[in-house]
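Take a look at the structure below.
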Amino acid sequence: MENNQVIINTDIEQGTINKNIYGHFAEHLGRGIYEGIWVGEDSSIPNTNGIRNDVVEALKNISIPVIRWPGGCFADEYHWKDGIGPREGRKRMVNTHWGGLVENNHFGTHEFMMLCDMLGTEPYICGNVGSGTVQEMSEWVEYMTFDGESPMANWRQENGRQEPWKVKYFGVGNENWGCGGNMRPEYYADLYRRYQTFVRNYGDNKLYKIAGGANVDDYNWTEVLMREAGHMMDGLSIHYYTIPGDFWTGKGSATDFTEDEWTITMQRVLHTEELIKKHSIIMDKYDPDKRVGMIIDEWGTWFDAEPGTNPGFLYQQNTIRDALVAGVSLNIFNNHCDRVQMANIAQTVNVLQAMILTDGAKMILTPTYHVFEMYKVHQDAKKLAVEMNVDSITSGGAVIPQVSVSASKDKDGKVHISLCNLDNHADATITLNLRGIVDPIHVTGRILTSEQMDARNTFEAPNTVEPTAFTGFTVEGHNLRISLPSKSVMMLAIES
Ligand code: AHR
């Protein structure tokens, strides 16, 4: 292949990009749920039944297919019965994992389901294995999904919800190797088998059961879980965060970083692909037909908390660097859609790599939000085969490819190509060969980029990083010659 050439095989489809790859994660953590989503009916911030209108409107625009809730580490200390019934009577608890705040349980099952209805998104409930009982988990499913007379269904109706909800995705614990109970994989595999037995399908509600999976490269965890319980699960989770520094001694600043740190961040996000491949090899051994989905239900950047904020709230700003991390990650997930059935960015509002940041009644959209908006065209589209030969970047001891790409064809035959230039100062000139397409072709493009590598949106300047139209290409037959600006995320749409 020629240098700096990308071949998009528009006539070779390789499965469907599950829309759930564009999923989210919203935990009871810091200002993620409270303030970020839930303000209560009496708030002066415009809301519908307690959920803020501005956030809902913005989130609807990125077509979120699924949201994971209530945690995270919080899930394994959450007792769902504390979060139902009249709000003023709900039990208060201490959120020991995240800042030690008093949690008033005002946002519970009914409120979460209302949020999902408003967004047109599917709920993904994470149950409590670490400190909860089998009965508690079993009754939560009965409460939400039983149609007819039963103790839990009756209770749900007393609390104002007649019809059962549809719940498909159910997680049996979270990070049970760590905050979810510090278990060995053998022990968790047995607990998973036991708990999931009592997580039942009622009526026509069919659950997709997700087992708590490995931390990063703990391949033994995946091996043991697949061997001992693979036949009892529909999905197995994996968590991986992009952290340029060291997890415990300093993850690095979200906004104040060097060019080398930029490249190391890109190297760390690209590591996602190696993790997917290696965990996939183990899953293939026990599940060659790829029935069990790989569920990457926590991913994204994790930096030091914004100076002056509670470190337990994990509030961080979001720059064009985060946009690149999002674009590269989503390209990787798209390219491995044969096994990756869901991914959930951490987290939706005000926590880690958020879509939205709020300050009282004010709200801003982050560069990451714009990537999710640009990439939504890939949801449920057919993945196209891509080959490429691109230059490398060398910086800070890291050697990485300059360009990341994925491509899909939607139900109307329109081709979408997402391209990222990972270099923080050099443009990339590449030739895109649209093999198999009938020309003439009509091309439109959108780009997210900036002059500064730490560019971001703030409450004072909310529109600094926004997508714009892109016309920096020439078309010759089915070849596109593109000048891809440094630090950019681009989406091309091609019709023929
Ligand atoms: O997303 C923040 C935390 O990261 C989650 O609660 C936990 O599952 C993970 O360690």
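The values are calculated or read from the model by the stated rules, or taken from the named source; none is laboratory data. Here the structure is a predicted model, which means the values were calculated and not measured. With ideal geometry, Cβ positions are generated from the backbone for all residues, glycine too; neighbour counts draw on all protein chains shown. Areas reflect the complete protein model, heavy atoms only, side chains present, ligands, DNA and RNA absent. Shrake-Rupley method; radii C 1.70, N 1.55, O 1.52, S 1.80 Å.
Would you work out what percent of the accessible area of the stretch 302-368, with all protein chains in place, is carbon or sulfur (probe 1.4 Å)? Don't jump to the answer; show the numbers that get you there.
On the way: 770 of 1370 Å².
Looking at the stretch 302-368 in its full context, I get 56 percent from C and S.
Return the distance in nm (one decimal) between the two label points of a simple spin-label model at Glu451 and Asp11, each offset 7 Å from Cα along Cα→Cβ.
4.7 nm
I want to verify the translational diffusion coefficient of the stretch 251-339 in µm²/s; compute it with Stokes-Einstein, Rh as the Kirkwood radius over Cα pairs, at 10 °C and 1.306 mPa s. Don't skip to the end; give the middle numbers.
Working: Rh = 14.8 Å.
After rounding, the answer is 107 µm²/s.
At 20 angstrom or more along the helix axis (alpha-carbon based) and mean Kyte-Doolittle of 0.5 or higher, what helices does the chain contain? Whole DSSP H runs only.
Working: long enough: 259-286 (42 Å, -0.66); 320-335 (22 Å, 0.73).
Flagged H segments are 320-335.
Under a point spin-label approximation (7 Å from Cα along Cα-to-Cβ), what is the His106-Val56 distance to one decimal in nm?
1.6 nm
Which value does Rg/Rh take for the chain over its C-alpha atoms, Rh per Kirkwood?
Working: Rg = 22.4 Å, Rh = 23.2 Å.
Checking Rg against Rh, the ratio lands at 0.97.
Working out 0.36 nm times the residue gap between Ala385 and Phe459, then minus their Cα-Cα distance, what length gain in nm do you get to one decimal?
Numbers: separation 74, 0.36 × 74 = 26.64 nm, distance 4.11 nm.
Taking 0.36 nm per residue and subtracting the Cα distance, the gain is 22.5 nm.
Which cysteines does the chain leave without a neighbouring Cys Cβ under 4.7 Å?
Cys116, Cys126, Cys337, Cys420 - these cysteines have no disulfide-compatible partner (Cβ-Cβ under 4.7 Å) in the chain.
May I ask for the net charge around Asp117, where only other residues with Cβ less than 14 Å from the Cβ of Asp117 are counted and Lys, Arg are +1 while Asp, Glu are -1? Walk me through the numbers on the way to the answer.
Details: positive: Lys60, Arg161, Lys166; negative: Glu111, Glu122, Glu163.
Spelling it out: positives minus negatives among the neighbours equals 0.
Can you check what the net charge comes to around Gly130, using other residues whose Cβ is under 15 Å from the Cβ of Gly130 (Lys, Arg +1; Asp, Glu -1)? Display every interim value, and only then the final one.
On the way: positive: Arg184, Arg194; negative: Glu27, Asp76, Glu77, Glu136, Glu175, Asp190.
The answer is -4.
Rule-of-thumb check for the stretch 38-78: C-alpha Rg over 2.2 N^0.38 Å? Kindly include the intermediate steps, with their values, before the conclusion.
Values: Rg = 12.9 Å, N = 41, 2.2 N^0.38 = 9.0 Å.
This ratio for the stretch 38-78 stands at 1.43.
Across the stretch 451-496, what fraction of all alpha-carbon pairs, as a whole percent, falls in each successive 5 Å bin from zero upward?
All Cα pairs, binned at 5 Å, distribute as 5, 14, 24, 20, 14, 10, 7, 5, 1, 0 percent.
If r is the Cβ-Cβ distance from Asp204 to Asp284 and R0 is 41 Å, what FRET efficiency results, to the nearest 0.05?
Details: r = 32 Å, r/R0 = 0.77.
Result of the calculation: an efficiency of 0.85.
Provide the solvent-accessible area of Tyr187, counting protein heavy atoms only and rolling a 1.4 Å probe, rounded to the nearest 10 Å².
110 Å²
For the stretch 107-266, which whole percent of the accessible surface, found with a 1.4 angstrom probe, sits on carbon and sulfur atoms? Walk me through the intermediate numbers first.
Details: 2970 of 6350 Å².
The C+S portion of the solvent-accessible surface of the stretch 107-266 is 47 percent.
Could you estimate the translational diffusion coefficient of the stretch 139-200 from the Stokes-Einstein equation, with Rh from the Kirkwood formula over C-alpha pairs, at 37 °C and 0.692 mPa s, in whole µm²/s? Could you put the intermediate results ahead of the total?
Values: Rh = 13.2 Å.
Answer from the Stokes-Einstein relation: 248 µm²/s.
Can you give the net charge of the other residues whose Cβ lies under 14 Å from the Cβ of Val475, counting K and R as +1 and D and E as -1?
Working: positive: Arg481; negative: Asp439, Glu476, Glu495.
Charge balance in the 14 Å sphere: -2.
Using only Cα atoms, locate the centre of the stretch 113-180 and the centre of the stretch 359-377, then give the distance between them in Å, rounded to an integer.
29 Å
When ligands, DNA and RNA are left out and all protein chains stay put, how many square angstrom of accessible area per residue does the chain have with a 1.4 Å probe? Walk me through the intermediate numbers first.
On the way: 18720 Å² over 496 residues.
Result: 38 Å² of accessible area for each residue.
Evaluate E = 1/(1 + (r/R0)^6) for Thr431 and Val399, where r is the Cβ-Cβ distance and R0 equals 25 Å; express this FRET efficiency to the nearest 0.05.
Details: r = 23 Å, r/R0 = 0.91.
So the FRET efficiency works out to roughly 0.65.
Could you work out the helix-only [θ] at 222 nm for the chain, with each DSSP H run of four or more residues adding -39,500 (n - 2.57) and the total divided by the number of residues, to the nearest 500 deg cm²/dmol? Before the final figure, lay out each step's value.
Details: 9 runs with 116 residues, N = 496.
Only helices count here, giving -7500 deg cm²/dmol.
Over the chain, what is the relative contact order in percent, taking alpha-carbon pairs closer than 8 angstrom and at least six residues apart?
On the way: 1164 pairs, mean separation 95.8, N = 496.
Relative CO of the chain lands at 19 percent.
Give me the distance in nm between label points sitting 7 Å out from Cα along the Cα-to-Cβ direction at Ala361 and Asp304, one decimal.
3.5 nm
Working from the pairwise distances between different alpha carbons, so that the mean of 1/r is found and then inverted, what is the stretch 281-437's Kirkwood radius in Å?
Working: mean 1/r = 0.0565 Å⁻¹.
After inverting the pairwise mean of 1/r, the radius is 17.7 Å.
If you wrap the stretch 65-206's Cα atoms in a convex hull and average its projection over all directions, what's the area in nm²?
Details: hull surface 34.6 nm².
Its average projected convex-hull area is 8.6 nm².
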